[in-house]
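Shown next, in structure tokens, is the structure this report addresses.
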């Protein structure tokens, strides 16, 4: 029997899952990942391969919508820590798939909580909550006490999962914490997200493969940090004696327009020559501004964001130049 701490991570093949696994392995954990089988099985572990850790993780078939499977996996793994990162996490798609989003992002989190309560009640549980829950913001800077006002099916589902995590903590005494994470990006971000759409487009334009990027609301502003920093906050939450909820953010807000400017500046181009606004990419209900106050995480966890936005953007553009260059020979 291994004397290592055991962690079970859902959403293990996503951006956050990959960076979290890298961190846990560096801390000496035995890492188990829950993987939903899909038609894209040949590319599903691409982020873990990018970080060169795919062979270090023990993978289990499972789906957040199947509680019997979750119970089986938790029983087999006997985890010390459970990180629930899996979700239908693309906000735009949640309007087209509201029931799927509710089932996976909302009810799926409760299925995971229930499986842990039944099979590993002493395990520490992390729920990936989202700044999107603030939605139509009730305060110019959002902290743990700011009221929520979700503006998308995704945000509503995340709020249900968040509330149920609090409920399981208070009802059953579970060590269940939520991280209210503001936007966090990296070279491993999915191509459907605006930041990666921008950096991928910049790389293609620089390499002569396209000329324009079509985007939606350039005036929307977000508090953007690096996913590698943010997974460290997740881990720190589960090292605390008492479970709690924490805002994880940089405390700096930047518009989509300025993100574009930084990305194009990195390759010596003027973004205004290449970015066009397309109404198709506007959301049915926009969240105009999100800006987090990470004071509690700084004071109680000793956490703060270390990667400045300029460095993050440069890292993402360079990674996309490398990816596309390798594929196209440019």
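Each reported figure results from applying straightforward, stated rules to the coordinates on display, with no laboratory input. Worth saying up front: this structure is predicted, and the values here are computed from it rather than measured. Note: ideal-geometry Cβ built from the backbone for every residue, glycine included; neighbour counts use all protein chains shown.
A few remarks follow.
- Crossing angle, helix 194-206 versus the chain [Cα axis fit, 0-90 degrees, rounded to tens]: 40 degrees
- Most mobile of 21, 260, 307 in a GNM of the chain (Cα contacts under 10 Å): 307
- Rounded to whole Å, sorted largest first: equivalent-ellipsoid semi-axes of region 1-92, Cα gyration tensor: 20, 17, 12
- Equivalent ellipsoid dimensions for region 173-330 as semi-axes, Å, which come from the Cα gyration tensor, largest first: 32, 17, 13
- The sum of -39500 (n - 2.57) across all DSSP H runs of n ≥ 4, divided by the residue count of the chain, sets its helix-only mean residue ellipticity at 222 nm to -11500 deg cm²/dmol.
- Of 214, 249, 176, the one that fluctuates the most in a GNM where the chain has Cα springs shorter than 10 Å: 214
- In degrees, nearest ten, helix 15-26 long axis to first principal axis of the chain (Cα): 60 degrees
- Residue 239 paired with residue 122, simple spin-label distance in nm, labels 7 Å along Cα-to-beta-carbon: 2.1 nm
- Counting only alpha carbon atoms, the long axis of helix 256-266 and the longest principal axis of the chain meet at about 70°.
- Exposure proxy order (Cβ contacts within 10 Å, fewest to most) of 83, 134: 134, 83
- Ranked 280, 37, 261, 196, criterion: other C-beta atoms within 10 Å, fewest first: 280, 37, 261, 196
- Among 291, 25, 64: highest mean-square fluctuation, GNM of the chain, C-alpha pairs under 10 Å: 25
- Cα gyration tensor shape of region 41-121, rounded if a/c is under 1.5, else prolate or oblate by comparing a/b with b/c: oblate
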